[in-house]
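A short worksheet on the structure shown next.
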Amino acid sequence: MGIAERAKPETDPGDAAPLASDAGSRGAQRGLLRALLRRPASLLSLIWLSAVVVLALGAGVIAPYGSADEDLLHTLSGPSSNHLLGTDNLGRDILSRLMFGGRVTLAGVLIATLTALVLGSVIGLLAGYLRVAIDSVLSAIADILMSIPVLVVLLSVAAVTSRNTTVLMLTVGVLFSASVFRIFRAATLEVRQELFVTAARTSGLGDLAILRRHILPRLGSLLIIQGAIVASVTLVIQVGLGFLSIDARPPAPSWGNMVATASQTISTTIWPLIPPAVVIGLTVLAFSAIGDVAQQSRTGRGRPVGLGGSMRLVPPPVADDLGAAGEGSTRPTDPAASLLSIRALSVSVPASASARLTLVQGISFDVGPGEVVGLVGESGAGKSITARTILGIVAEGAEVSGSIRFKDTELLGLPEKELAKFRGTEIAFVGQDPAVSLSPTHRIGAQIAEIVRFHRGVTRAEARALALDLLDQVRIPDPKAAARLYPHQISGGMAQRVVIALALAGDPKMLIADEPTTALDVSVQMQILGLLKGLQKERSLGMLIVTHDWGVVADVCDRAVVMYAGQVVEDASVADIFERPLHPYSSALRSADPHLQSVGERLRVIEGQVPAPGTWPSGCRFAERCAKAVEACRAAPVELESRGPARLVRCIRAGELDMDADD
Amino acid sequence: MQMTDAAPLLAVEDLSVDYHDRRGAKFRAVEGVSFEIARGETLGLVGESGSGKSTIGKAILGLVPAAGGRLRFDGEDITRCSARRRRQLTAEIQVVFQDPYGSLNPVRSIGSTLAEPLNVHGPKLATGEVRARVAEALRLVSLSPDVAERLPGEFSGGQRQRIAIARALVLRPRLIVCDEAVSSLDLSVQAQVLNLLEDFRDQLGVSYLFITHDLGVVHHIASRLAVLYRGRLVEMDATDRIWDRPQHPYTAMLQAAAPVPDPRLQAERRAAFSLRHSAFLAAQAPTEASRV
Amino acid sequence: MIRLIARRLLVSVPLLGVVSFVTFVLVSLTPGNAAYTVLGASATKAQIASLSRQMGLNKPLVVQYGTWLGHALQGDLGRSLITGQPVTQALGQQLGPTLSLVLLSLLVTAVGGVLLGVWSAVRGGRLARVIDSVSFVGIAVPSFILAIILISLFVLKVHAFPASGYVPISQSPLEWIRSLILPVVALSFGGVGIVAKQTRAAMEDVLAREFVVVMRANGYPRRSIVYRHALKAAAVRVLSVLGVTFVGLLTGAVLIESIFSIPGLGSLAVQASAQSDIPLVIGVTVTFTLLVVGANLLLDIAYMALNPQIIHR
């Protein structure tokens, strides 16, 4: 996912960042303009288009020759000092004809594009926002228009209007207004369903105010994107008409009929074709490049994380080497005996072209065979990133240092192919939101059978039987019926059971569960936790559960690793950490859980909030919010130190404090 | 109905709400629900997904039409009031939604979002006055007034939810519908927001309809609870009484379902949950017992 | 499922009606009428008037359309004004070459575009940039310009292919392919670029979804995640692009057939339009629309096969 993790899966920070960058209500348009001027592709395109327009408009003054001036001594000549771009079969100057011809072509494109944009956007907006009764009629008309083969219709229009270019291009505009209509209708519908539009309504805004303040600003950039796309397509059509000699009447030039003229003499020379082809190509490209850049600045696009996998293993920076070497001896569990052993793990991602953002820094902990470890902390602590890095699933461009050992194998630095052999068969994964964790287009049974077959190399029939068995193991009432369902047909709780079933398909030794119950109803959460605990005992799985809920830790975990701002701050058995938390943060975090607090009293809270990655202080990262902080806490980085058997704490005052004393 | 001080701020009488699926088939989401909220009171409306709890909130806000029954606000029947009256009512009835990421327009500054309700209601305010009211609302939720210049994208979930509360408060409404207003936040942040809501009830006399699935959280803020299951009220009583002795098997199961951050207590609670869950299933019709 | 198909067919009826009627109206507005076209510029006014009466051109437009529609429903689209050949017969002769050209091009566009789009979404890096450039060029060079360039390179310089003409598949499958290679390349090149670009965008959206992470984390082979699961989830968007592309291919076919002298519907349309051969113009337009209707129907069936959410509710 994105840079910071969140308790709820639907809040992907990746969405928020680009939207924030195109700033302000009117700023959205300004941001788009800035993007267009800043990116070389769109800047060059704008320059090219301006040049083409200026040359076409000024052809009468600038062009070296008239559009029909024939120089019969120099027909079909290449570039020369007299004719910079050569001449055609009648010795007419190609450069001059390109400039004059641009008028016909560009005027046609302008007419068609404006028609399509005005018709499409206005009607689309009305259909999408007002949901008028005629919406379905309008959509049907749009469907019809989009099904019409443009050029064939244009041929009949041409036959009818004796080649009236204005009417032809108006027709093109009307036909293309259908696709603009669809885009605007869909976009309006989408914005209209945004929660903030509902919020504006509950603030008392009327339809017009909502349209003006919330919907139109979001659609402005769409006008530019669609304009660019329609222009690039209609340009090709306009040139095509010219090629069939149904735009300008010869000898008046258009880009299209210049191509046609050139095509008659290609057996002699291909040259006369080159200048118009290049000009047409560049102009089409310019339009579509502007559309692309506008699109990107609207949606903000990065490479998907899903298949990412190009993680880079880097040596740990010296400054960050937080006693990684020395820690080995003080670990709660013997690394040799542990299933998973993480040492000095740091993860950073590119934040901009030049800067990197460290999300996780110097994390160390172990998970023993059959042990359940809770990775606890608030949003932005780096829990999910740690969990996913174990499986080698990181954002594109992530740099990772440290060590992740599973049994006897160092996982960090393994090539993707090797790492993939561990997934599912040694370490499996259950995600946050079961509703989006399953492949939407395949039946549940088939999804599980597929992975069973892949991991265990059995026949199809055996895989199907094993899949039903797995569904039974996760207590799905009627496995046979369930196997035939698609993911959208089942409840969240059932979907999470299915995810657990497919995680167990490869008979793994360890399970990583990233907030497995956060998205579920409380009663379902209880059942899923019970199921996980039961399966864990049955199969003596090692388990790592990422959670922000101490109740979940109390329910299923043997040990808790508390994270704060990218670091481990405490690592202790569940008995110890609930009995006597040693880090002020562990104590405060648990005290702030409303579930334990007594009714009638003011709820205890931790004031302030977790510092975001990139703003971590050099001293203790919790000092800002800590009631027990002293000057020394902020002076220097605090080490994770051993405090008693199987306990690690990152606090210089851990020895002297009684955490529950004045809470 | 005459208006007296004893009249509840909001009275929901026998409310039913229908939804229609794409094929036009009718589906009853809320069936015959009645409750009242007094001035300065917080009523907790508890239920899981599909219980119809958010639908009731939407009906009160006028976002979905009632199929039957009546809604009275301060004695006035608002069940089918005009669109104009509905807009006026937004000054009295406000809402905080669950999702702090979706409820703020990402390309509008915080100040502009907060000023929005001020600009459409009541007498036209001078720019300076609007700014002052916005700053005051931000201060109420412990945010600095210069936050107004910034965009929602720069804030964490907890901060955004404060901003959403500030928007709800800026018109000084008498009722705020909190639709899972803290559910998407870290538990530690939920406590902050709950305290904030409690302060406003004490200082400003606001009433709340606090819609949630988490019985463990709502009993801190609500004096009375109404428990919903599949569109119907199954239990309604003072919070203490429900918490101490839940009557309906569903309520009993819900109560045991919120995990406590204490291994010993949690072990007891899990044992209780298993018993109550089976009891609840047994109380259901046999056909429903198979699907949970 | 059958209901959805039936609905699509029902929508197609007005589509055909609208297209034929609009064309009919447009054509009737032509300065000079069909009688003029038949008799030529040298005809006298009296001759034209008498032929007009004979052809029913003096009746109200709706009546004329009604007559045409009545005949059309019985499979009679009238006769060409120029050659006197029945329109249906002319269309039948020219349909084969157009279908060969367009369907082959659709195949190339779909397979090429989808593969390039998927590779570019999955691999990223340099390959993605190469594919981007290819699709950029594809978008920038209109098919008919590409066609001329191809002719000048492969026909006039290298003599690798016949310059023009079309060989029916029944005559010689090998020559059929040879006669179609250049036209298909020219026609599908731009479409490949567009489909690749849209496929890539759709795939990137799907690959960013959580289920891909869960599948990958649980050891599903990459190939299966990409082709079996992600591509299927992205398929609806890809298909709708293919639908639009198909309409575009029909348009392009008109130009390509003219350039390569392929005796298809496109050439027929150009010729009929130039000669104001009205029954033929209407016939060609209706045939093209029928092709689109058929394609949309196939598309809908494919949607339903690929997206379980449409039927399994």
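The values are calculated or read from the model by the stated rules, or taken from the named source; none is laboratory data. Keep in mind it's a predicted model, so treat the numbers as computed, not measured. Glycine gets a Cβ as well: all are built from the backbone with ideal geometry, and neighbour counts include every protein chain shown. With ligands, DNA and RNA removed, areas are computed over all heavy atoms of the protein, side chains included. Shrake-Rupley method; radii C 1.70, N 1.55, O 1.52, S 1.80 Å.
The single condition among (1) surrounded by fewer than 24 Cβ atoms within 10 Å (Cβ to Cβ); (2) more than 10 Å from chain C (Cβ to nearest Cβ) that A:Ser177 does not satisfy is (1).
Against the condition loosely packed, with under 14 Cβ neighbours inside 10 Å and among the aliphatic types (A, V, I, L, M), how does A:Leu36 come out, does it pass? Full working, then the answer.
Values: loosely packed, with under 14 Cβ neighbours inside 10 Å: no; among the aliphatic types (A, V, I, L, M): yes.
No; evaluated as a whole, the condition is false for this residue.
Could we say that C:Leu107 is at pLDDT 85 or above and either open to solvent by 30 Å² or more (accessible area, probe 1.4 Å) or under 30 Å from C:Ala201 (Cβ atoms) (or both) here? When the stated conditions are applied, C:Leu107 passes them.
Name the single residue, out of those in segment A:123-153 being more than 27 Å from A:Gln238 (Cα to Cα) and open to solvent by 40 Å² or more (accessible area, probe 1.4 Å), that is farthest from the other protein chains (Cβ to nearest Cβ). Only one residue tops the list, namely A:Leu126.
Applying the criterion of being more than 7 Å from chain A (Cβ to nearest Cβ), closer than 16 Å to B:Cys178 by Cα and of a type in the set (A, V, I, L, M) to the residues of segment B:86-103, the residue that is surrounded by the fewest Cβ atoms within 10 Å (Cβ to Cβ) is B:Ile93.
Within segment B:196-205, the only residue that satisfies the criterion of being closer than 19 Å to B:Phe155 by Cβ and open to solvent by 10 Å² or more (accessible area, probe 1.4 Å) is B:Leu196. Scanning segment A:632-642 for residues that are assigned to a loop (DSSP other than H, G, I, E, B) and either surrounded by 17 or more Cβ atoms within 10 Å (Cβ to Cβ) or free of Cβ contacts under 8 Å to residues at least 24 places away in the same chain (or both) yields A:Ala636, A:Pro637, A:Val638, A:Leu640. Under the condition of being within 11 Å of chain C (Cβ to nearest Cβ), free of Cβ contacts under 8 Å to residues at least 60 places away in the same chain and out of contact with any Lys or Arg (no Cβ under 9 Å at 6 or more places or on another chain), the residues counted in segment A:245-269 number 5. Across segment C:57-76, the number of residues qualifying as under 12 Å from C:Val25 (Cα atoms), at pLDDT below 80 and open to solvent by 80 Å² or more (accessible area, probe 1.4 Å) comes to 1. Scanning segment A:418-440 for residues that are open to solvent by 30 Å² or more (accessible area, probe 1.4 Å), more than 14 Å from chain C (Cβ to nearest Cβ) and either modelled with pLDDT of 90 or more or more than 26 Å from A:Ala495 (Cβ to Cβ) (or both) turns up nothing. Would you be able to say whether some residue in segment A:600-616 is closer than 14 Å to B:Ala191 by Cβ, at pLDDT below 90, surrounded by fewer than 17 Cβ atoms within 10 Å (Cβ to Cβ) and among the hydroxyl-bearing types (Ser, Thr, Tyr)? The answer is no; no qualifying residue exists.
Would you check which residues across segment B:107-117 are crowded, with 21+ Cβ neighbours inside 10 Å and at the interface with another protein chain (Cβ under 9 Å from one of its Cβ atoms) and list them? Outline the logic, then answer.
Within segment B:107-117, the subset crowded, with 21+ Cβ neighbours inside 10 Å is B:107-108, B:110, B:113-117.
Passing the criteria: B:Val107, B:Arg108, B:Thr113, B:Glu116, B:Pro117.
In the set B:Leu187, B:Leu194, which member is of a type outside the set (Gly, Ala, Ser), without any contact (Cβ under 8 Å) to a residue 24 or more places away in the chain and either facing chain A (nearest Cβ under 9 Å) or within 17 Å of B:Leu104 (Cα to Cα) (or both)?
Working: B:Leu194 fails: without any contact (Cβ under 8 Å) to a residue 24 or more places away in the chain.
The match here is B:Leu187.
Report yes if C:Val270 is within 9 Å of chain A (Cβ to nearest Cβ) and open to solvent by less than 20 Å² (accessible area, probe 1.4 Å), otherwise no.
Working: within 9 Å of chain A (Cβ to nearest Cβ): yes; open to solvent by less than 20 Å² (accessible area, probe 1.4 Å): no.
Spelling it out, it is not the case that C:Val270 is within 9 Å of chain A (Cβ to nearest Cβ) and open to solvent by less than 20 Å² (accessible area, probe 1.4 Å).
When we screen C:Phe154, C:Phe189, C:Phe161 for residues that are open to solvent by 40 Å² or more (accessible area, probe 1.4 Å) and touching a residue at least 40 places away in the same chain (Cβ under 8 Å), the only hit is C:Phe189. Whether a residue is at positive phi and surrounded by fewer than 18 Cβ atoms within 10 Å (Cβ to Cβ) was assessed, and A:Gly413 passes this test.
Yes/no matrix, rows are residues, columns are (1) open to solvent by less than 30 Å² (accessible area, probe 1.4 Å); (2) in a helix (DSSP H, G or I); (3) within 14 Å of chain A (Cβ to nearest Cβ); (4) not charged (D, E, K, R):
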position	(1), (2), (3), (4)
B:Leu15	yes, no, no, yes
B:Glu31	no, no, no, no
B:Phe35	yes, no, no, yes
B:Gly50	no, no, yes, yes
B:Ser54	no, yes, yes, yes
B:Val64	yes, no, yes, yes
B:Thr79	yes, no, no, yes
B:Asn105	yes, no, yes, yes
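Of all residue pairs spaced 6 or more apart or on separate chains, those with beta-carbon atoms under 8 Å, a first member in segment B:112-133 that is over 13 Å from B:Leu169 (Cα atoms) and a second member that is open to solvent by 80 Å² or more (accessible area, probe 1.4 Å) are B:Val120/B:Arg87; B:His121/B:Gln88. Looking only at segment B:227-266, residues that are at the interface with chain A (Cβ under 8 Å from one of its Cβ atoms) and either open to solvent by 10 Å² or more (accessible area, probe 1.4 Å) or among the basic types (Lys, Arg) (or both) come to 5 in all. Of the residues examined, A:Leu468 is one that is part of a helix (DSSP H, G or I), more than 11 Å from chain C (Cβ to nearest Cβ) and within 15 Å of A:Arg456 (Cβ to Cβ). The residue that is surrounded by the most Cβ atoms within 10 Å (Cβ to Cβ), counting only those in segment A:460-481 that are within 22 Å of C:Tyr227 (Cβ to Cβ) and not aliphatic (A, V, I, L, M), is A:Arg464.
Evaluation of A:Gly566 against the conditions (1) open to solvent by 10 Å² or more (accessible area, probe 1.4 Å); (2) on the phi > 0 side of the Ramachandran plot shows that the sole unmet condition is (1). Taking segment C:142-176 as the range and being in contact with a Leu (Cβ under 9 Å, 6 or more places away or on another chain) and in a helix (DSSP H, G or I) as the test, the residues that pass are C:Ser143, C:Phe144, C:Ile145, C:Leu146, C:Ala147, C:Ile148, C:Ile149, C:Leu150, C:Ile151, C:Ser152, C:Phe154, C:Val155.
Scanning segment C:220-235 for residues that are facing another protein chain (nearest Cβ under 7 Å) and under 30 Å from the mean Cα position of the chain (by Cα) yields C:His229, C:Lys232, C:Ala233.
Is it the case that some residue within segment A:445-452 is within 14 Å of chain B (Cβ to nearest Cβ), farther than 30 Å from B:Val227 by Cα, open to solvent by less than 10 Å² (accessible area, probe 1.4 Å) and of a type outside the set (Asp, Glu)?
no
Of all the residues in segment C:213-272, those that are touching a strand residue (DSSP E or B) at 6+ places or on another chain (Cβ under 8 Å) and among the polar types (S, T, N, Q) number 1. Of all residues in segment A:186-215, those being free of Cβ contacts under 8 Å to residues at least 12 places away in the same chain, in a helix (DSSP H, G or I) and either open to solvent by less than 10 Å² (accessible area, probe 1.4 Å) or more than 10 Å from chain B (Cβ to nearest Cβ) (or both) number 5.
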